[in-house]
Amino acid sequence: MAAPPADAAGHRPPLPPTPTVVTVFAVGEQRWSQGHRGIDLSAPAGTAVVASAAGIVRHAGNVAGRPVVSILHPDGLITTYEPVQPTVRRGDHVARGESIGILEAGHDSCPDTTCLHWGARRGSGHSAGYIDPLGLLGAVRVRLKPL
């Protein structure tokens with residue numbers, strides 16, 4: 001499944017031009033349930049990864065032995081990108097579409113040779129609420145359940 005093209009405002013795919021989604025977002029009924037809290041986008045190692053929207057680099061370095069970049073956006077959303085060797089530093093302001101690092105091989109849940117794991121959440125720690133990053137691109141259809 002291809003991610004939709006960039007929107008004129010808001011977020012855009014973090015891999016140009018239009019990446020392919022190879023693993024979808026999936027969370028369990030409870031916040032501690034097993035799941036995949038983000039999406040995997042197929043791309044070759046060495047591909048430049050860009051900020052999906054403007055923000056401030058919150059983290060650029062290793063987390064649990066993997067290189068990760070996270071960006072805090074003005075609306076409080078945090079996007080994460082891994083495994084990405086950062087070319088930015090904590091505190092840097094980044095523009096939408098600005099390069100933030102280089103994709104590396106090594107994402108365990110990737111069914112392809114190399115994938116970017118792109119995540120999005122509001123809050124941190126126990127209060128974190130994960131959302132499907134495709135929703136940032138207008139690619140998720142919302143369906144309400146009857147009560």
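The values are calculated or read from the model by the stated rules, or taken from the named source; none is laboratory data. This structure is a prediction, so every number in the text was calculated from the model and none was measured. Cβ coordinates were reconstructed from backbone atoms using ideal geometry, including for glycine residues, and neighbour counts include every protein chain displayed. Calculation scope for accessible area: heavy atoms of the full protein, side chains included, ligands and nucleic acids excluded. Shrake-Rupley method; radii C 1.70, N 1.55, O 1.52, S 1.80 Å.
General remarks:
- Top-ranked residue of segment 94-105 - restricted to ones that are over 13 Å from SER52 (Cα atoms) and open to solvent by 50 Å² or more (accessible area, probe 1.4 Å), ranked as modelled with the lowest pLDDT: ALA105
- Selection count where residues are open to solvent by 50 Å² or more (accessible area, probe 1.4 Å), part of a loop (DSSP other than H, G, I, E, B), within 17 Å of VAL68 (Cα to Cα) and not hydroxyl-bearing (Ser, Thr, Tyr), scope segment 107-133: 1
- Members of segment 39-83 found to be more than 19 Å from ARG12 (Cβ to Cβ), open to solvent by less than 30 Å² (accessible area, probe 1.4 Å) and in a strand (DSSP E or B), listed by number: GLY61, PRO67, VAL68
Conditions (1) modelled with pLDDT of 90 or more; (2) more than 20 Å from GLY138 (Cα to Cα), marked per residue:
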site	(1), (2)
ALA26	no, no
SER52	yes, no
ILE71	yes, no
PRO86	yes, yes
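- Among residues of segment 60-71 that are within 14 Å of HIS117 (Cβ to Cβ) and in contact (Cβ under 8 Å) with a residue 40 or more places away in the chain, none has a Cβ under 9 angstrom from a residue that is surrounded by 19 or more Cβ atoms within 10 Å (Cβ to Cβ) and hydroxyl-bearing (Ser, Thr, Tyr) at a sequence gap of 6+ or on a separate chain.
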